[in-house]
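For reference, the structure is listed below as structure tokens.
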């Protein structure tokens, strides 16, 4: 029994020698991992938008809003000068009779003209003379007779309504012999009509659908068949006449 006790005591003594003792200095000095706190999630993430970016965005939104407000105020002031008509009236009188020709002069493209020929059928005269699609041409003529006046504007500046230099000038001739010139300016702010002027008279607001259908002729003339442009004749080449060269006389 004494031998067993000695063995146990010796084992405990060896373990004590192998395990290093921590002095007071060692206990007071923290390790690097203990002294440096781990960064939090809020410290590692940077803000997506800074304060200056948000201010710039808000200023841009305010500027856009101000632009729309000023435009709306201007549009309302333009509409305020119009005198609405209780019952829309026809732009052209029934005494003018049937339409015989329509000539549309756009400010930035070719002139288009359709007219009735000797057989009272519609034909395209400009930009290229050709047979017309009778249905399309007659539909345009019907739109002319169906144009209505929605409002009148007294003592107005034509430049405000796009009529100082109108986008379209339409010359109309009727079988009764009467002729009219219709100037088409800007569309109204509410897109319910166009500002027009008939025979250099008062500025009016005409129905949108009728004017749009009539202006369609300027973009798509009512050809029955798409005409093929005629090739220009070849330009003759002028060949200069050959000049005779004098043979020099030999000197003896």
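The numbers here are math on the coordinates, done by the rules we state, and not lab data. Keep in mind that this is a model prediction, so the values were computed, not measured. No Cβ is skipped: glycine too gets one built from the backbone with ideal geometry, and neighbour counts run over all protein chains shown.
Annotations for the structure displayed:
- Between residue 157 and residue 64, the contour length at 0.36 nm per residue exceeds the alpha carbon distance by 30.7 nm.
- In this simple spin-label model, placing a label point 7 Å from the Cα along the Cα-to-Cβ direction at both residue 121 and residue 208 gives a separation of 3.8 nm.
- When you work out D = kT/(6 pi eta Rh) for the range 82-219 at 4 °C and 1.567 mPa s, using the Kirkwood radius from C-alpha pairs as Rh and the Stokes-Einstein form, the result is 85 µm²/s.
- With R₀ set to 22 Å, the beta-carbon distance separating residue 171 from residue 138 gives a calculated FRET efficiency near 0.75.
- Förster radius 41 Å - calculated FRET efficiency between residue 56 and residue 181 (Cβ-Cβ, nearest 0.05): 0.20
- Estimated at 0.36 nm per residue, the fully extended path between residue 226 and residue 145 surpasses their Cα-Cα distance by 26.4 nm.
- Cα gyration tensor category, rounded, prolate or oblate, for the range 126-168 with a/c compared to 1.5: oblate
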